[in-house]
Amino acid sequence: MRLKQMHIFIIAAVFLMEGTAFAQGKKCDVVIENNVSMKTRDGVSLQADVYRPKADGKFPVILERTPYDKRGGVAFGLKAAARGYVYIIQDVRGRYSSEGDWYPHKFESRDGYDAVEWAATLPYASGKVGMVGGSYVGATQMLAAVAAPPHLVGILPFVTASNYHEQWVYQGGAFAESLNQLWTTALTIDTLGRRVGKDSGSLAGGIALPLNDYPVVIPGVSTGLADYYRDWIAHPRYDDYWKETAIDEHFSQIKVPALHVGAWYDFFQDGTLRNYLGIKSHGGSEAARNGQRLVMIVGGHAGAGPKIGDVDFGKDSVFGTCEKIKKW
């Protein structure tokens, strides 16, 4: 996906956020730990892959929390760890290797808080945690920042929304059918696989007669696979259901600096701009209000510019985004 490619491009420079000796050119070997478990406050186990320097000392942490499979973080994890950072990529609740039930946005504030504080206390962590990622992975950052975990020092949300009713599910007041259905179906595949693996276990070694009636697997009904989709339809108006997780309702709770990267041809364009302006004006600390930065690029969910659709904006439209992120 182009979005994934852009996501990797954006986060590939984030390991230079802090001026360690490693970031200045020295590299080290990398230790990889897969499926490192963390318990949330309500006892759910979330799994993460950890990439860290094979060296003595404590290092700053880059945390990414994703519904799109933590195994996709290998390339960036190796680069970050080789330059002196602990990179942790965690499957969010109910996705891939993590326990629990998947429901978009609902658990990301408290789980994000717990993940930041857990990461900060790992024996090889310095206590400083920054978060990165785009689209829904931007939402996991924003919602964690709303919870204000003490060890979170900064975030880098890329092409993400400020209000999930207005800018995602009901764009311009109309249900965004194509987006909502395609996204829901894509994410339900993992949910279905988890269910089939659990419910079909009793078939192993069983006897089913007549032979033609053997079910192979038990897929079950659609109920329980993506109940949030039906909840979205049941809440067409902007009510308390949406306000609970709306970033623009909670700007005053965000206390950390942020580098917002948005795109002019992204359906979350307005959200990026609102997040930047909202925290700059109403953030919950002086560091947050003075520490908001914004970069707008060609592209976004529409593609990885400089060519969008039939329009080619030319090489001059690609400016030093990577350098700006390094400075951040």
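Data overview
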quantity	calculated
Elements of type helices (runs of 4 or more DSSP H) contained in segment 222-328, each with 3 or more residues being closer than 21 Å to GLY133 by Cβ and in contact with a strand residue (DSSP E or B) (Cβ under 7 Å, 6 or more places away or on another chain)	269-282, 321-327
Residues satisfying the stated conditions in segment 94-114, i.e. farther than 17 Å from ILE254 by Cβ and of a type outside the set (Asp, Glu)	GLY94, ARG95, TYR96, SER97, SER98, GLY100, TRP102, TYR103, PRO104, LYS106, PHE107
Hits in segment 150-193 (condition: of a type in the set (D, E, K, R) and in contact (Cβ under 8 Å) with a residue 24 or more places away in the chain)	GLU166, ASP190
Some residue of segment 60-80 being in the same structural domain as LEU152 (by TED's automatic domain parsing), more than 17 Å from the chain's Cα centre (by Cα), under 22 Å from ALA258 (Cβ atoms) and at pLDDT 95 or above	yes
Members of segment 222-238 that are surrounded by 15 or more Cβ atoms within 10 Å (Cβ to Cβ) and under 15 Å from ARG194 (Cβ atoms)	LEU225, ALA226
Index of the failed condition, MET296 passing every other in (1) assigned by TED's automatic domain parsing to the domain that holds LEU152; (2) surrounded by 14 or more Cβ atoms within 10 Å (Cβ to Cβ); (3) at pLDDT 95 or above	(3)
Extreme residue, surrounded by the most Cβ atoms within 10 Å (Cβ to Cβ), among residues of segment 41-86 that are under 19 Å from ASP101 (Cβ atoms) and of a type in the set (Lys, Arg)	ARG65
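The values are calculated or read from the model by the stated rules, or taken from the named source; none is laboratory data. Computed from a prediction, not measured in an experiment: that's the story for all the values here. A quick note on method: Cβ atoms are made from the backbone with ideal geometry, for glycine too, and the neighbour counts reach across all protein chains shown.
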